[in-house]
Amino acid sequence: MTLESTERLRVEQELRQALSEEAIRPFYQPLIHLGDGSVHGFEALARWRNHKGEFVPPSLFIDIAENAGLITELFDQLLRRACRDALTWPSSMVLAFNLSPTQLSDGLLGQRVVEILEETGLPPERLEIELTESAVVKEMNCAMRVIGDLRRIGIKIALDDFGTGFSSLSQLANIPFDKIKIDRSFVASFETNSKQMKIVRSIVGLGQGLGAATLAEGIELESQYKGLSLLGCEYGQGFLFAKAMPASEVAAFLASARSEWHLREPFRRTA
Ligand code: C2E
Ligand code: MG
Ligand code: MG
């Protein structure tokens, strides 16, 4: 216990240092339009390489940043940089950005996001804020206020890790959102487990009924890509397409055959 808290304290000190040096950077994982294989945009994922040159997992340092009151500074720094990076991509591409659960209680969040958009010049329609389904359900009132503030500006909302957060249908009917991100646990199992497959099909149907797009997380196999596409899922992301990459590699990725899934068999459209 003592050891663990000493370790956390050490990471917290390193995190403060990293923030002052702006050493934590957004990396970008492509979001793919499954219908034609084109790149829809990128999700920004925080990456921190410590002084030893090792990557610290975001699940660890984001949790520590939340508890140490550093999440606002981290969010502002990463969002500002990510907006600037997104302006170098084709203008049709979206930037997806994760919001931490504790930020739902931040009454000034909307205002700060507006300031960052104005400062960087990224149109609000190109920004998609991801909130986990579990965070939204846990802090329903705060979530509704934050979502309302962000959507009024023109920002889109995605429900992340969907299917693991236990939202009820009545809650879903009340939350305004634009995209459902199907949790990767379903993607990993739907091909071999018919119940999981039916759940994926139902989530896609739910999205269609509620006017929200669906994106499948964690696509690692071509068979998953094909299966999800046949189930009507609109977008996908996963290691099959690419892992998160530094900003400097995005242009080369977009220019390379790796981003041209639509040219590959068996995804080439026959209709
Ligand atoms: P997330 O938002 O659901 O992000 C997707 C995670 O799944 C990323 O892990 C990504 O690297 C991983 N992933 C993507 N494709 C695949 C795949 O095909 N297979 C497998 N096994 N994994 C895949 P990462 O980067 O470690 O991030 C973990 C979580 O940390 C994120 O989950 C998000 O909740 C949080 N996170 C990351 N960056 C940020 C950030 O800047 N701000 C906040 N608040 N949270 C962040
Ligand atoms: Mg996410
Ligand atoms: Mg997710």
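The values are calculated or read from the model by the stated rules, or taken from the named source; none is laboratory data. These numbers were taken from a predicted model, which means no experiment stands behind them. We place every Cβ from the backbone using ideal geometry, glycine too, and count neighbours over all the protein chains shown. Areas reflect the complete protein model, heavy atoms only, side chains present, ligands, DNA and RNA absent. Shrake-Rupley method; radii C 1.70, N 1.55, O 1.52, S 1.80 Å.
Charges only on Cβ, +1 for Lys and Arg, -1 for Asp and Glu: so what's the dipole of region 68-179 about the Cα centre, in debye to the nearest 20?
Roughly 160 debye for region 68-179.
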* Enter the angle in degrees (range 0 to 90, nearest 10) between the Cα long axis of helix 194-210 and the first principal axis of the Cα atoms of the chain, meaning the one along which they spread out most. => 80 degrees
* Let me have the 222 nm mean residue ellipticity of the chain computed from DSSP H runs of 4+ only, each contributing -39500 (n - 2.57), with the sum over all residues rounded to the nearest 500. => -14000 deg cm²/dmol
* To do: Report the dimensions of the chain along its three principal axes from the alpha-carbon atoms, largest first, rounded to Å.
  => 55, 44, 43
* Asked: Roughly how many percent of the accessible protein surface of region 19-76 is carbon and sulfur, given a 1.4 Å probe and a whole-percent answer?
  -> 50 percent
* Looking at the chain, send over the antiparallel percent of its DSSP beta bridges, to the nearest 5. => 40 percent
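Using only alpha carbon pairs under 8 Å that are at least six residues apart, calculate the relative contact order of the chain and give it in whole percent. Intermediate results must be reported in sequence, preceding the final value.
On the way: 430 pairs, mean separation 54.6, N = 271.
Once normalised by length, the contact order is 20 percent.
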* Asked: Taking the Cα atoms only, what angle lies between the long axis of helix 2-20 and the longest principal axis of the chain, rounded to 10 degrees?
  -> 90 degrees
* Once the piece of chain linking Phe253 and Asn50 is laid out straight, how much longer is it, given 0.36 nm per residue of separation minus the C-alpha distance between them? -> 70.5 nm
* To do: State the extension gain, in nm to one decimal, for the chain segment bounded by Met197 and Arg10, taking 0.36 nm per residue of separation less the distance between their alpha-carbons.
  => 62.9 nm
* Asked: Between Leu19, Leu169, Leu99, which gets the highest mean-square fluctuation from a Gaussian network model of the chain, Cα cutoff 10 Å?
  -> Leu169
* If you take every DSSP beta bridge whose two residues both sit in region 1-122, what share of them, in percent to the nearest 5, is antiparallel? -> 75 percent
* **Accessible area per residue in Å² at 1.4 Å probe, computed on region 63-134** => 39 Å²
* To do: Using a 1.4 angstrom probe on the protein heavy atoms only, line up Lys156, Lys179, Lys195 by accessible area, largest first.
  => Lys195, Lys156, Lys179
* To do: Round to a whole angstrom and tell me the spacing of the C-alpha centers of region 178-251 and region 28-67.
  => 17 Å
* Asked: Along region 138-155, what does the Karplus equation 6.51 cos²θ - 1.76 cosθ + 1.60 (θ = phi - 60°) give for ³J(HN,Hα), rounded to whole Hz, x for Gly and Pro?
  -> 5, 10, 3, 5, 4, 4, 4, 5, 4, 4, x, 4, 6, 5, 4, 6, x, 7
* Asked: When the Cα atoms of region 23-132 are enclosed in a convex hull and the volume is divided per residue, what value in Å³ results?
  -> 119 Å³
* What residues qualify as long-range amide H neighbours of Ala216, i.e. H under 5 Å apart, gap of 5 or more or another chain, H built at 1.01 Å from N? -> Ile182, Tyr235, Gly236, Gln237
